[in-house]
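First the structure, in the form of structure tokens, and then the observations on it.
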Amino acid sequence: MDKQSGWAAALVAAAAAMPAAGQARELVAFDAGAAPGTVVIRTAERRLYFVNGDGTAIRYPVAVGRLGKQWTGYARIDGKYVRPAWSPPAEVKRDNPRLPSVIAGGSPHNPMGAAALTLDRGEYAIHGTNRPGSIGTFASYGCIRMYNQDVADLYGRVAVGTAVVVTR
């Protein structure tokens, strides 16, 4: 088992032991015509759905892009990272010039939280957060923020290549 796989297993195990924060993930009826294993994000609802394929999905509360930073369309997960370091994209750095060029993984100042699922579309990711109070709001530059225990749960359910659909 490589180092990243070991961390991933520990992350998933730790997520199962974490207390729920705010409104936790839940199993819901879901029939959006998406294939099993697809991640569907409904921006207006501020919810992410992991499609089970049996007429249900796991629904997670999320924070989404603020006005002018939202996007819709299709993407695929192109990377999975546990406690990733974060380098602010140029737009974020321009708006917040005092940010360092890199914030170490695991730092309480790192906005990526416990894990990140990078997308093959721009500089976007589905990731944890160091600001759990932002979940359920329009807060980001286009990334999808999740409670750390929820991103850890989703991390264990998806693979690189998983389809992601973002709708209004």
VAL64 versus (1) touching a residue at least 12 places away in the same chain (Cβ under 8 Å); (2) assigned to a loop (DSSP other than H, G, I, E, B): which is the lone unmet condition? (2)
Of all residues in segment 113-153 being among the small types (Gly, Ala, Ser) and surrounded by 22 or more Cβ atoms within 10 Å (Cβ to Cβ), the one that is farthest from PRO84 (Cα to Cα): SER140
Name every residue in segment 24-44 that is in a strand (DSSP E or B), among the hydrophobic types (A, V, I, L, M, F, W, C) and in contact (Cβ under 8 Å) with a residue 60 or more places away in the chain, in order of residue number. VAL39, VAL40, ILE41
Could you identify the single residue in ALA21, ALA8 that is farther than 16 Å from ALA116 by Cα, touching a helix residue (DSSP H, G or I) at 6+ places or on another chain (Cβ under 7 Å) and either at pLDDT below 95 or not in a strand (DSSP E or B) (or both)? ALA21
Segment 90-118, subset among the aliphatic types (A, V, I, L, M) and either in a strand (DSSP E or B) or in contact with a Pro (Cβ under 8 Å, 6 or more places away or on another chain) (or both), residue nearest to ALA75 (Cα to Cα): LEU117
Test: THR56 is hydroxyl-bearing (Ser, Thr, Tyr), over 13 Å from the mean Cα position of the chain (by Cα) and either at pLDDT 95 or above or buried (at least 17 other Cβ atoms within 10 Å of the Cβ) (or both): yes
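The values are calculated or read from the model by the stated rules, or taken from the named source; none is laboratory data. Only a predicted model underlies this, so the values are computations on that prediction, with no experimental measurement involved. Every residue, glycine among them, receives a Cβ derived from its backbone with ideal geometry; neighbour counts consider all protein chains shown.
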